[in-house]
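Just below is one structure, and these are the notes that go with it.
The values are calculated or read from the model by the stated rules, or taken from the named source; none is laboratory data. No experiment lies behind these values; they were computed from the predicted model shown. Positions of Cβ are backbone-derived with ideal geometry, glycine not excepted, and every protein chain shown enters the neighbour counts.
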Amino acid sequence: MINAVPLSAVLTIAAALFCIGLFGAMSRRNAVSILMGVELMLNSVNINLVAFWRYLQPDLITGQVFAIFVITVAAAEAAVGLAMVIAIYRSRQTVYIDTVDSMKG
Amino acid sequence: MADVINHVLNTMLGLNAPEWLIIFISNSIAVTLIFAIAPLQMLFMTYFERRAIARMQDRLGPNRVGPKGIFQPVADGVKMFTKEDIVPTAADKMVHLLAPCVVAAPVMFMFAVIPWGPGMYAVDLDTGLLFFFAISSVSAVGLMMAGWASYNKFALLGAMRAVAQMVSYEVPALISIAVIVMLTNSMSIVSIIEAQSGLFISQVDVAGIPDLGLGWFIFSPVGLLGFICFFIAALAEGERTPFDIPEADSEIVAGYMTEYSGMKFALFFLAQYLLNFLLCAITVITFFGGWQGPGISWLWSMAVSEANPAGNPIFNVLAGILGTFYFLAKTYFFFFVMIWIRGAFPRLRVDQLMGFGWKFVIPLTIVNIFSASLWIGWIRWELNPDLAFLSALGEPYSFARWGFAFVATLVMNVAAYTLMTRINRSPDETIDELVADQVFGAVTLR
Amino acid sequence: MELLIQIIFVLISTLILGAAVMVVRTRNVIHSALWLIASFFGIGALYLLLEAEFLAIAQVLIYVGAISVLILFAIMLTHNVTSGEGHKFYQRWWLALLVSLMLFAVILVPTLVGQDWTITARPSEESAIAGAVEMGTAFMREYLLPFEIAAVLLLVALTGAIVIAYEERAQRRRILTLAQELALRKQQQQNHAEE
Amino acid sequence: MNIPIERGKVVTVARGQSTSVAGFSLSKGLGVVFRHWRRAWFEKQHQNVPATASESAPNAGNDKSKPTAFVTLEDMSKSYGTFTVEYPEQRIKLPEAYRNMPVLLYDDETGHELCTSCFQCQRICPPQVIHMTQAKDPASGKPVPSVAEFIIEYDACMSCGFCAEVCPFDAIKMDHEFELSTHDHPSLTVYKRDLNRPVSYYESIAPGFWAEARERAYKKLATNMKRRPGAIGIAPHLTEKITAAQAQAAQAAAAQAPAAKAPAKKAAAPRAADTAAAPTDKEAKLAAIRARNAAQKGGSAPAAGTAADAPLPTDKEAKLAAIRARNAAKKGGSTPAAETSAEESPPTDDKAARLAAIRARNAAKKGDATPSEESDQPAAETPPANDKAARLAAIRARNAAQKATEAAEQAADSATSTPEAPASSSEEGKPLDEKAARLAEIRARNAARKKGDQE
């Protein structure tokens, strides 16, 4: 895989994914869609980590270990985020973030 | 599989085929075999289930189509093909079409990892077991898609219940399998089976034990408790009674399958039966030694393999046949146990199901992991010199250590089981109140 | 062989990027969630291509098996059918597009392509660390502390999520057994009689 | 162990187990199911109905041809083995009270249908699917206690069994035949020819019921057979056979000329006696029966009803006719009820005319003497019209007399028409005026009674 595909190709893929995730997170009004955008960003980070491990440091397992940590953090974040979304929905009957702007209640 | 093809092409026929051609041929043969065997298994399983459950209820079961009703599944299949495929107008067409595929495809993936006999496996991933459960969780997404796309609130409710049940019972399944991975130090299914050779005493190489292929993990208390928890989780994962709430006819019409008919319904049916088969297969592989059995190791010693390339391929075939026989016999015995349980037990309510899962099975598996770690510790670790007094236990991997570990873990597991049953009684009811408690109408059965 | 790998790589990257674009663009939230699952699959395939086998399977197990189901549950619990009102995007969504494009084209690509990475040749077949065994030992040795912190993080996150999302039912409907019911009714009659 | 459970009362049943360890009762349940599974392969819960006592061998359960019945145990929880009855090959013996579709019965020996078309079943039938017409005596046109055509719409019949319960003559019974599906719908409207079943068949499927109903059915049949001229009451498919047999019997009776009196007397003997004296071979038995019928018919058959004997070629016919005429006259004089005499034996032509004339005169007299009797006429008529009613009655009486004379000429030619011929138009014409006369007479009598009540 190393001599077939240059590292920069894999990194550009990850960067593109990151930007798409960023756009998704910034442009959507629905809270769950924002969370999806964040998930995409985290995944692109993971691709970078694995690519660096594979191309630069195949001997050290650090790359994969950190990828696993990123996955756990992403899972925890998704759980808490969605719990908050549901709590907001239950109190405000809406999922659109721009309407949820007052600190009261 | 690849070495057999290599042997046949190169040594036998003498044409030196390139490496990639051999791999291509062996893999294509494996894939076609899987795609041929899986539906056949499903057909036979439906027939087997209907006959067995019929006999349990004092009736005959299908015996009209073909001799003894053998062609009944074929008739069902033809019926499924010819039935009109109705799609609700308000349904989400694309997702409605994709859902059965997303449910059925992972089941086919899981077959790739199942070894049918010694050397008879499609691919030997060194994380085979984890792959098996990872792919099985994908079908939960398919269920959700089916429930949502049918635009029918019963289907949605059924789908949510099914997914909640599958996800929440995956936890005990994975933890009880983790015990086996701890015992065999590897997640590759082939090595798990190979670790279960020998006679009744696993993980301890005591001289003089003939390799009868009976060193199954079930014979250790850790394996026993793991088996009980895993089989309960498998019942829930495969939506068998007493956990078949998602498509229980009485409650939610047909669960997520309500709006499907014809071929798509058949796909759901296929996926469900094959998942049951695979869960029985994994139970057999991890706790009952897959294709291990008396006579296999003797045949395999004379067959062609990396260890002795000069072997005679006939023995490959013979060992394969015997191995497959053992594997299928054990798997169908467990499928019979599933049917047996379906014939005997009533269905659990959703809250009972979840409570049972989280409050009974998962704590047991955690205790089981603890006792497994003790088991490994006692048997394998060299002793720290200053703990001299423990040297009485003998050398690592010795029989004395195995005995001690066996007794200790047995006591621990049994204590955990009784503790769990006692804890799970609702706290405010003593035994007598439980007696006064009406379970079935006006009569208290104690 | 290289050509084959390149073709596969191109296929997988189109799957990933295409699905990601669809996640952002589709109107229907459910469809965007399903496209997200497709892109997770693509990423899993990419890990396999990069020979990180355990990570690929973990990705499939965790992301596709658990997190996407969680997202689907969240969408269905909050998806009121009258969600049609209001546009899916901010009015000034093109500004966000501009920012992300700028980020991608101006900053990231030049740095990545310009860099001459010192690719180390693959040392030897057997030392290629891909399996779970090395990762397990790494977790227990060098990275024990982050491992424990991650565990604590997960615990905190899950209990937090439960506390937030737990709907305090005012009067939980307990399933009374017949004896309890009879006792309850007798009691009610008594205090009724006392009044 | 059956536990008496009153409503709302709590009963605890101790099963003798001390502790209730979870998992233990689960395995007990599995044990029960496994025992059922194991024994279901070998045992059956039903056995063949032993046709004869000797045959009640235990392994009779698997002989597919004979009907099968369930083995009922005292404690059903002890019953093991499959209870499936593989329907087309194995069949359960239907209980006696099983009822599917009504059928008509006819006596095997005499071929006479038990049904006297009393219309009870037609009235009671909830879905109104039974339709029948009463048979007419071809000679006198009078109704005969036998059914001409009997139709049941099997597709609408709900097998409720009301007709069988209400029938005073046990003529219609519920059958056990349930494989009645057909392709063409019209065939479900079943006519008498297909409805008829011999009594022996009904006796085979419902012996108990027939044993109770046997006596009164045959007694009534005997009286009805006497009132059926010629071969009217005989089941259609047996008619030729029976009539041919009667012809032979008549010849045999004639051959033993001196014993003419004996058969008549024997005929009067109660039916039960005939079966006892049955000669050995069937042919001889049939001949004896036919002789008895002929004699019996001869006795009761009115002069007009000699159609049955028409085919007699020899002078015997005249002698027999004479005997019959004498009996008819004797019978005609002695019968008390006005209707039966008129109906049963229209005496020689002049008598009918004379009677009709007397009646006409009374009606006329009644008509003008009592103006008040018009009150029972429909309210529309006013009192001054009473003479009109009288005149009407007179006109009718005259017509009746005239008709009676015509009837006399026709009596001769109607003798040649064969008995089976459906009621020819001439017959309908005749009974009309006779009915008018009777009507007038009835009105007259009512009026008289009413006047009596008023004083």
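Summed over segment B:83-107, the residues that are at pLDDT 90 or above and under 12 Å from B:Ala266 (Cα atoms) give a count of 4.
The residue list B:Val102, B:Val95, B:Val113, B:Val141 contains one member that is within 12 Å of another protein chain (Cβ to nearest Cβ) and either under 30 Å from B:Val304 (Cβ atoms) or touching a strand residue (DSSP E or B) at 6+ places or on another chain (Cβ under 9 Å) (or both), which is B:Val113. On the stretch given as segment B:102-124, residues that are surrounded by 23 or more Cβ atoms within 10 Å (Cβ to Cβ), assigned to a loop (DSSP other than H, G, I, E, B) and more than 16 Å from the chain's Cα centre (by Cα) total 1. Between D:Ser146, D:Ser140, the distinction of being in contact (Cβ under 8 Å) with a residue 24 or more places away in the chain, closer than 27 Å to D:Glu212 by Cα and among the hydroxyl-bearing types (Ser, Thr, Tyr) belongs to D:Ser146 only.
With respect to the conditions (1) within 19 Å of C:Gly18 (Cβ to Cβ); (2) facing chain C (nearest Cβ under 7 Å), A:Val10 falls short on a single one, namely (2). Does segment A:63-73 contain any residue that is more than 7 Å from chain C (Cβ to nearest Cβ) and within 25 Å of C:Gly18 (Cβ to Cβ)? Within segment A:63-73, one or more residues are more than 7 Å from chain C (Cβ to nearest Cβ) and within 25 Å of C:Gly18 (Cβ to Cβ).
Of B:Ala75, B:Ala146, all but one fail to be of a type in the set (A, V, I, L, M), under 27 Å from the mean Cα position of the chain (by Cα) and part of a helix (DSSP H, G or I); the exception is B:Ala146. Taking segment C:54-169 as the region of interest, none of the helices (runs of 4 or more DSSP H) fully inside it holds 3 or more residues being buried (at least 19 other Cβ atoms within 10 Å of the Cβ), modelled with pLDDT under 85 and under 25 Å from the mean Cα position of the chain (by Cα).
Rundown of residues vs (1) touching a strand residue (DSSP E or B) at 6+ places or on another chain (Cβ under 7 Å); (2) within 23 Å of B:Gly119 (Cα to Cα); (3) in the same structural domain as B:Ala266 (by TED's automatic domain parsing), yes/no style:
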{"position": "B:Val8", "(1), (2), (3)": "no, yes, no"}
{"position": "B:Ile23", "(1), (2), (3)": "no, yes, no"}
{"position": "B:Val31", "(1), (2), (3)": "no, yes, no"}
{"position": "B:Gln41", "(1), (2), (3)": "no, yes, no"}
{"position": "B:Glu49", "(1), (2), (3)": "no, no, no"}
{"position": "B:Ala52", "(1), (2), (3)": "no, no, no"}
{"position": "B:Asn63", "(1), (2), (3)": "no, no, no"}
{"position": "B:Gln72", "(1), (2), (3)": "no, no, no"}
{"position": "B:Val87", "(1), (2), (3)": "no, no, yes"}
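For B:Gly66, are the conditions met, namely being at positive phi, free of Cβ contacts under 8 Å to residues at least 24 places away in the same chain and exposed (fewer than 15 other Cβ atoms within 10 Å of the Cβ)?
So B:Gly66 passes the test.
Filtering segment B:125-136 to residues that are surrounded by 21 or more Cβ atoms within 10 Å (Cβ to Cβ) and under 14 Å from the mean Cα position of the chain (by Cα) leaves B:Gly128, B:Leu129, B:Leu130, B:Phe131, B:Phe132, B:Ala134, B:Ile135, B:Ser136. Filtering segment B:187-203 to residues that are at pLDDT 85 or above and among the small types (Gly, Ala, Ser) leaves B:Ser188, B:Ser191, B:Ala195. Quick one: would you say A:Asn48 is polar (S, T, N, Q) and under 18 Å from C:Ile12 (Cα atoms)? In short, yes.
Just so you know, in segment D:41-76 the residues that are under 21 Å from B:Arg55 (Cα atoms), surrounded by fewer than 11 Cβ atoms within 10 Å (Cβ to Cβ) and more than 42 Å from the chain's Cα centre (by Cα) include one that is modelled with the lowest pLDDT, and it is D:Asn59. Checking each residue in segment B:188-223 for being over 23 Å from B:Trp116 (Cβ atoms) and part of a helix (DSSP H, G or I) picks out B:Phe219, B:Pro221, B:Val222. Listed here are the helices (runs of 4 or more DSSP H) enclosed by segment B:264-376 that have at least 1 residues being under 25 Å from B:Val167 (Cα atoms) and not β-branched (Val, Ile, Thr): B:313-344, B:350-356.
Determine whether A:Ile34 is in contact (Cβ under 8 Å) with a residue 60 or more places away in the chain and either of a type in the set (A, V, I, L, M, F, W, C) or more than 7 Å from chain C (Cβ to nearest Cβ) (or both).
The answer is yes for A:Ile34.
Selection of segment B:108-158 for residues being touching a Gly at 6+ places or on another chain (Cβ under 7 Å) and either farther than 29 Å from B:Ser305 by Cβ or of a type in the set (Val, Ile, Thr) (or both) yields B:Val113, B:Ala134, B:Ser137, B:Val138, B:Ala140, B:Gly147, B:Ala155, B:Leu156, B:Gly158.
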